[in-house]
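Data block below; observations after.
The values are calculated or read from the model by the stated rules, or taken from the named source; none is laboratory data. Worth saying up front: this structure is predicted, and the values here are computed from it rather than measured. For neighbour counting, all protein chains shown are included, and Cβ atoms are generated from backbone atoms with ideal geometry for every residue, glycine included.
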Amino acid sequence: MRYFYLHGFASSAVSRKARFFTERLKEHGIRLEALDLAPDFENLTITGQKAIIHEAVNGEPAVLIGSSLGGYLAGLYAARHPQLVDRVVLLAPAFDFYYLWERELGPIKLREWKEKGTMPVYHFGQDRQASIGYQLMEDALRFPGFPDFHQPCLLFHGLKDEAVPFSASADFVASHLDSAHLIPLHSGHELTDVLNEIWKASANFLLAPSVSSPFGYVRL
């Protein structure tokens, strides 16, 4: 079983959450592979990121830990490859990705982005302003807002999240009661202030050789 961490938008494979899970799993003899999902940030697409995940997984059984956009990608990949993905941990997943951006930007800024072709955003992983191409939005329309996967899924979401509404995760779990379990946290989108709580609730779930249901492995 291989373990992968999928970072969020404008983040990196060495983010605080990636390093936290790497250290915790290493204590138990498990190597976490944190993927760089945006080597060419300006030309980023959902399709391209999924291809990076697929190449890394390389046909082997996998556990995915995904944050924000990485959580959405983990869901998409799990839905497309149920034979490869054993279980999933999602941290404030950016479900309904296209419409999140559409609502956040509004019609005027969205039109300007489309007309100009690129838009400046702050890249937290690089600690600088960077350009993102509109092809990200065009490509995102090709994918469902809520991936339909049924592998065991442990989902964490902050009740004070202002980037991705808590209701998105609640709606997903409501339609996947057979396999998904949602743990609300008193935190915002980043969840970096509750990492120890997340580990306490997810350790058994992550460390199990294989699981058929998340609920027996969650310690609340």
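Against the conditions (1) of a type in the set (Lys, Arg); (2) farther than 20 Å from Val14 by Cα; (3) without any contact (Cβ under 8 Å) to a residue 24 or more places away in the chain, Arg87 satisfies every one except (3).
The helices (runs of 4 or more DSSP H) found entirely in the stretch 1-96 that carry 1 or more residues being surrounded by 24 or more Cβ atoms within 10 Å (Cβ to Cβ) and in contact with a Pro (Cβ under 8 Å, 6 or more places away or on another chain) are 69-80.
Does Ser187 meet the test of being closer than 22 Å to Tyr98 by Cβ, of a type in the set (Ser, Thr, Tyr), buried (at least 17 other Cβ atoms within 10 Å of the Cβ) and modelled with pLDDT of 95 or more?
It is false that Ser187 is closer than 22 Å to Tyr98 by Cβ, of a type in the set (Ser, Thr, Tyr), buried (at least 17 other Cβ atoms within 10 Å of the Cβ) and modelled with pLDDT of 95 or more.
Only one of the listed residues (Val173, Val194) is under 25 Å from Glu23 (Cβ atoms) and in contact with a Leu (Cβ under 7 Å, 6 or more places away or on another chain). That residue is Val194. Residue count for the stretch 97-122 satisfying the condition of being touching a Gly at 6+ places or on another chain (Cβ under 8 Å), surrounded by fewer than 17 Cβ atoms within 10 Å (Cβ to Cβ) and either in contact (Cβ under 8 Å) with a residue 24 or more places away in the chain or under 18 Å from Arg142 (Cα atoms) (or both): 2. Within the option set Asp161, Asp139, being out of contact with any Gly (no Cβ under 6 Å at 6 or more places or on another chain), surrounded by 12 or more Cβ atoms within 10 Å (Cβ to Cβ), closer than 20 Å to Ser11 by Cβ and touching a residue at least 40 places away in the same chain (Cβ under 8 Å) holds for one residue only, Asp139. So, Asp193, is that one among the charged types (D, E, K, R), modelled with pLDDT of 95 or more and within 16 Å of Phe95 (Cβ to Cβ) or not? No. Every test in (1) over 19 Å from Ser15 (Cα atoms); (2) modelled with pLDDT of 95 or more; (3) surrounded by 17 or more Cβ atoms within 10 Å (Cβ to Cβ) is passed by Ser167 save one, and that test is (3).
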